[in-house]
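A.B. asks: If you scroll down you'll find the structure; I have some questions about it.
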Amino acid sequence: MNNCMIYVFENLIQTTIICSLGICLLLFLKRYLFKNFSKRFNYYIWLIIVFRMLLFLFNYTVTYEIKKSKRVRVGNNITQIDIPTDNNLMLYVAYLWLFVTIVIAVYTFIKYTRFKNLVVDVSYDIDDNDVNCIYKNLLEELNIKKKIELRGSDELISPAGMGLFKSYIFLPDYPYSKDEMTWILKHELMHFRNKDILIKLLVLSVKIIYWFNPLVYIMSNRVNLDCELCCDESVLNECSLRDKKEYALALIKSIKLSKNYQSGILTTEFNKTSLEIRLDSIVKNKGRSGIIIGILVFMISITSFVEVDAQVKVDKNSNEVTKKNTEVIKNNPNDQFQTFLYKDAPSEVRKVYEEKCKANGRIPKDSDKIEIPTKYYNELKK
């Protein structure tokens, strides 16, 4: 159990380092290169980082060799030449991370459940036939087959979508015109069509797991912004300048009516995120799709899942091992040893060594050196 916990935590730390560099690189590219690509590309490119962080157990390991080494007795018959690591400290930190992660996850789940239940319980049916007719036409226009209930709400002061499985769109009791209502409902339905609530859930999971990494919070805020920009772009695809103007005015009105409002988690809103950036994005033409770039970035990210065992000076070590064997046999004819690298050791030796490592809370590595008395080695082979 302890070995498994250490393994998980080591992979987590390696992943957070790799993905932190990835987040910084992606922010840089989005500022200077990806700004010429579509908002959809800039939004979904984050999924490469998100999935990599969620799949942290599929990580590569880097084995390095310490020049200054000493001999550590692992068992009565096997000696490993290596510097032991303080696994106890790492184990304590790993359990601390796990405890905080569970606390945050439970708190978030309870908070979301209570918020959603409250909003749903106090919501009401919308009797306005015009609004219901607009909503029905938009469902057909966007080809949305999933059942998404349209409800009125006094608890929310901004139009919002909620619910991954049982979904809702909530409308506050504001005097929107038909055109404004059309744009608002189309925006919220587009969020469901783009699976934005699912993506928000994935990003929230990353925040819970990597609660200690400040770059994750920066990424989360940027994903929320890119989510709204992508939704705006999807709604206004192939629309005229007049339509864009009407959409922008509806957005401004919604923001004025819900100023300084903070909603619950895992919701999509018509007014959330920076107004200036969104208005500037609305009037601009759609950028390039960036599919080829996205595929290249994805292929590069795949390499981080490959398990790599970086052997440092393996040949030299092998020569030293051979030389050492000769010296041991020459100087101590009555106390001869067999010395192996773990990756080259016979299965019998590997098995005994693995048992000793397990008892000491260690994970064997290919570059570990093992010394075993020749007499005991001969007994193992029988």
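Since every read-out is calculated from the coordinates, none of them should be taken as a lab result. Owing to the predicted nature of the structure, the values given are computational and were not obtained by experimental measurement. Reconstructed Cβ throughout: ideal geometry from the backbone, glycine too, with neighbour counts over all protein chains shown.
A.B. asks: Of LYS136/LYS253; LYS39/LYS284; LYS147/LYS195; LYS166/LYS186; LYS30/LYS200, which pairs sit farther than 22 Å apart, going by alpha carbon to alpha carbon?
C.D. replies: Check vs 22 Å cut-off fails for LYS136/LYS253.
A.B. asks: Could you give the length gained on full extension between GLU355 and ILE104, defined as 0.36 nm per residue of separation minus the Cα-Cα distance, in nm?
C.D. replies: Values: separation 251, 0.36 × 251 = 90.36 nm, distance 3.64 nm.
Roughly 86.7 nm would be gained on extension.
A.B. asks: Based on DSSP, what percent of beta bridges with both residues in the range 98-304 are antiparallel, to the nearest 5? Please list the in-between numbers first.
C.D. replies: Values: 8 of 13 bridges.
Here the share of antiparallel DSSP bridges comes out near 60 percent.
A.B. asks: Starting from the Cα-Cα distance between ASP173 and GLU276, subtract it from 0.36 nm times their residue separation and give me the gain in nm to one decimal. All intermediate terms of the calculation are to be shown ahead of the outcome.
C.D. replies: Numbers: separation 103, 0.36 × 103 = 37.08 nm, distance 2.59 nm.
Length gained between ASP173 and GLU276: 34.5 nm.
A.B. asks: Can you list residues whose amide H is under 5 Å from ALA160's amide H, if they're 5+ apart or on another chain and H is modeled 1.01 Å from N?
C.D. replies: Excluding prolines and chain starts, which carry no amide H, the hits are PHE170.
A.B. asks: With a Förster radius of 51 Å, plug the Cβ-Cβ distance of TYR95 and TYR124 into 1/(1 + (r/R0)^6) and report the FRET value to the nearest 0.05. Walk me through the numbers before you get to the answer.
C.D. replies: On the way: r = 47 Å, r/R0 = 0.93.
That pair, TYR95 with TYR124, gives E of 0.60.
A.B. asks: Another question, if that's okay. Between PHE212 and ILE265, what is the label-to-label distance in nm when each label sits 7 Å out along the Cα-to-Cβ direction?
C.D. replies: About 2.0 nm separates the two model spin labels.
A.B. asks: Let me know the charge dipole size of the range 98-304 about its Cα centre in debye, to the nearest 20, where only the beta-carbon of Lys, Arg (+1) and Asp, Glu (-1) is charged.
C.D. replies: On the way: 27 positive and 25 negative charges, 144 e Å.
So the magnitude is around 700 debye.
A.B. asks: Given the peptides 99-108, 350-359, arrange them by the average over their residues of other C-beta atoms within 10 Å, most packed first.
C.D. replies: On the way: 99-108: 12.9, 350-359: 16.0.
So the peptides 99-108, 350-359, ranked by packing, come out 350-359, 99-108.
A.B. asks: Using a simple spin-label model with points 7 Å from Cα along the Cα→Cβ vector, what separation in nm is obtained for LEU249 and ASN132?
C.D. replies: My value for the distance between the label points is 2.9 nm.
A.B. asks: What list of ³J(HN,Hα) values in whole Hz, one per residue of the range 222-232 in order, does the Karplus curve 6.51 cos²θ - 1.76 cosθ + 1.60 (θ = phi - 60°) give from phi, with Gly and Pro shown as x?
C.D. replies: 5, 4, 4, 5, 5, 4, 5, 5, 5, 5, 4
A.B. asks: Ok, one more. By its C-alpha gyration tensor, with a ≥ b ≥ c as the square roots of the eigenvalues, how is the range 98-304 shaped: rounded for a/c under 1.5, else prolate for a/b larger than b/c, else oblate?
C.D. replies: Numbers: a/c = 1.80, a/b = 1.18, b/c = 1.52.
Judged from the Cα gyration tensor, the range 98-304 comes out oblate (a/c at least 1.5, b/c at or above a/b).
A.B. asks: Given H placed 1.01 Å from N in the peptide plane, which residues other than close sequence neighbours of LEU150 have an amide H under 5 Å from its amide H?
C.D. replies: ILE169
A.B. asks: Could I ask something else about it? When you count, for each residue, the other Cβ atoms within 10 Å and take the mean per peptide, how do 141-152, 33-44, 164-175 rank with the highest first?
C.D. replies: Details: 141-152: 13.1, 33-44: 18.2, 164-175: 15.6.
Ranking, from highest mean packing down: 33-44, 164-175, 141-152.
A.B. asks: Using R₀ = 25 Å, calculate the FRET efficiency as 1/(1 + (r/R₀)^6) where r is the Cβ-Cβ separation of LYS35 and LEU201; round to 0.05.
C.D. replies: On the way: r = 27 Å, r/R0 = 1.10.
The computed FRET efficiency comes out at 0.35.
A.B. asks: Can you tell me the FRET efficiency between LYS343 and LYS284 if r is taken as the Cβ-Cβ distance and R0 is 51 Å, rounded to the nearest 0.05? Intermediate values should be presented prior to the final figure.
C.D. replies: Values: r = 56 Å, r/R0 = 1.10.
In this case the efficiency is close to 0.35.
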